[in-house]
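Here's the structure, in structure tokens; my notes come after.
The values are calculated or read from the model by the stated rules, or taken from the named source; none is laboratory data. On a predicted model such as this, the values are computed, not experimentally measured, just so you know. Cβ placement follows ideal geometry from the backbone for every residue including glycine, while neighbour counts extend to all protein chains displayed. Ligands, DNA and RNA are excluded from the accessible area calculation, which covers all protein heavy atoms including side chains. Shrake-Rupley method; radii C 1.70, N 1.55, O 1.52, S 1.80 Å.
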Amino acid sequence: MKPVFKLGLCAVVVASLAACSSSESRRQASDDFEYLESAPLSEWQNLPDQQPEFSGAYTIPNRDFAGPTGRNIDIRPPQQILELIPGARYERDAKGVTVWMPREEQSERVWQTINTLIEENQIPVRTSSIDGVETDWLVWTLEDDDEVIESRYTVVPVSDRSRSGFRIDMIEWKRNGQAEDVSVDMRDRYSAQMTNMITSRYDGDLREEARIRAAQLVKNIPISLGKDRSGLPVIIARAPYDVFWERLPAILGQLGMTVEDRNRSQGTLTVKYKAPDDEFWEEIGTKPLQLDRDNYDIQLGDLGNRTSINVTDSAGKPIAEEQLASLSPVLVAAVERLNLN
């Protein structure tokens, strides 16, 4: 059998198996449930004159346990809370979730986020006051749910000594339009889902504000060639690291550099360089870059209110000083050109 035919056959088999897999099967164990038909335990019978000795390590409490069995058991892992707010603490219990914010102003900002979601009707509301919010029915459409899940919550502010935050409790639950008693697992899963909805929007709003602020602050950034502590040449941008990092890909894009990989925590960017034509250099009014390779690594350094810029080739060797010197005025021209656009 030819390799190409084998590959095609495997793809068809995998696709067929994937089509047969439903969200219901992903929630249930795949083995049989004969254990449900097991005979009840019998009492231990001792031999005459036998002195039994029992360990309490494996003693099962003598009481009735309520819970699902067989196909009714949901084998999915618990819903994870996305810890998107730095410094926040998340406490989960049998009734809901409490999120403790690290600072008072962040707690106030969370409530702004909740009000925004209410105004956009992403959180329908029955009642709202200074004491909190009681939602109307939220409909959840998740990948591993075949059923229509609806739930209602209370979202209230909480405080304890110097801490503040908000509390989410599920108060009603419907499956396929029918009200049901809420199990502990379902309450935990969809309380976490509601928490993630709020914190994801909070995080997204802050990121968008940071992007806009960076776009404003990056205008008129002084960039010049200088020396580092070792006396080696380095480009210095007089802007904080966080601000310069957000805008650098757009600046490099003006120069024919495409960012292929970047790591913010390490301050590194891998770029592919394609030299612009002569018309571009005439337009920005600088001499062409003296770069003769296709791939370079750019290293940024956090100097407080300034950012250092070093460039190495694909072999990890720093570019020559005259090459670095040619980059400095070109970066200045790229910033000015970006501001005009």
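Summary value for the range 223-340: 31 percent relative contact order, contacts being C-alpha pairs under 8 angstrom separated by 6+ residues. From its DSSP helices (H runs of at least four residues, each -39,500 (n - 2.57)), the chain gives a residue-normalised ellipticity at 222 nm of -11000 deg cm²/dmol. Rolling a 1.4 Å probe across all protein chains gives residue 307 an accessible area of roughly 0 Å². Values of log10 I(q)/I(0) for the range 89-202 across q = 0.13, 0.18, 0.23 Å⁻¹ run -0.48, -0.91, -1.42, by the Debye formula with one identical scatterer at each alpha carbon and no solvent.
Ranked by solvent-accessible area (1.4 Å probe, protein heavy atoms only, all chains present), the residues 248, 303 order from largest to smallest as 303, 248.
Relative to the longest principal axis of the Cα atoms of the chain, the long axis of helix 184-217 lies at roughly 10 degrees.
Exposed loop sites here are GluC sites (Glu not before Pro) assigned a DSSP state other than H, G, I, E or B and surrounded by at most 15 other beta carbons within 10 Å; excluding them, the longest clear run of the chain is 181-341. Model label sites at residue 321 and residue 42, defined 7 Å from Cα along the beta-carbon direction, differ in position by 9.5 nm. Here each label is just a point 7 Å from Cα along the line to Cβ, and for residue 69 and residue 238 those points are 7.7 nm apart.
Mind pulling the angle between the C-alpha long axis of helix 241-253 and the longest principal axis of the chain? Nearest 10 degrees, somewhere in 0 to 90. The two axes meet at around 70 degrees.
Rounded, prolate or oblate: which one fits the range 223-340, using the alpha carbon gyration tensor with axes a ≥ b ≥ c (rounded when a/c is under 1.5, else prolate when a/b beats b/c, else oblate)?
Values: a/c = 1.34, a/b = 1.24, b/c = 1.08.
Verdict is rounded for the range 223-340.
With protein chains left intact and a 1.4 Å probe, residues in the range 223-340 average 55 Å² of accessible area per residue.
Computed from the Cα positions only, the extents of the chain along the three principal axes stand at 100, 71, 49 Å, in decreasing order.
With K and R counted +1 and D and E -1, the other residues having a Cβ less than 9 Å from that of residue 284 yield a net charge of -2. Annotation: extensible slack from residue 268 through residue 340 equals 23.2 nm (criterion: 0.36 nm per residue apart, minus Cα-Cα distance).
Between residue 250 and residue 33, the contour length at 0.36 nm per residue exceeds the Cα-Cα span by 72.2 nm. Taking 0.36 nm per residue of separation and subtracting the current Cα-Cα distance, fully stretching the chain between residue 176 and residue 312 would add 43.0 nm. To test your reading of the geometry: what angle, between 0 and 90 degrees and rounded to tens, separates the Cα axis of helix 3-20 from the longest principal axis of the chain? Between helix and principal axis, roughly 50 degrees.
Comparing 242, 64, 169 in a Gaussian network model of the chain, where Cα atoms under 10 Å apart are tied by springs, the biggest mean-square fluctuation is seen for 64. A Förster radius of 51 Å, combined with the Cβ-Cβ distance separating residue 109 from residue 55, puts the computed FRET efficiency at roughly 0.40. Distance from the Cα centroid of the range 233-283 to that of the range 126-191 is 45 Å (rounded to whole angstrom).
If the only charges are +1 at each Lys and Arg Cβ and -1 at each Asp and Glu Cβ, what is the size of the charge dipole of the chain around the Cα centre, to the nearest 20 debye? Provide the component values of the computation, followed by the final result.
Details: 39 positive and 56 negative charges, 264 e Å.
Computed about the Cα centre, the dipole is about 1260 debye.
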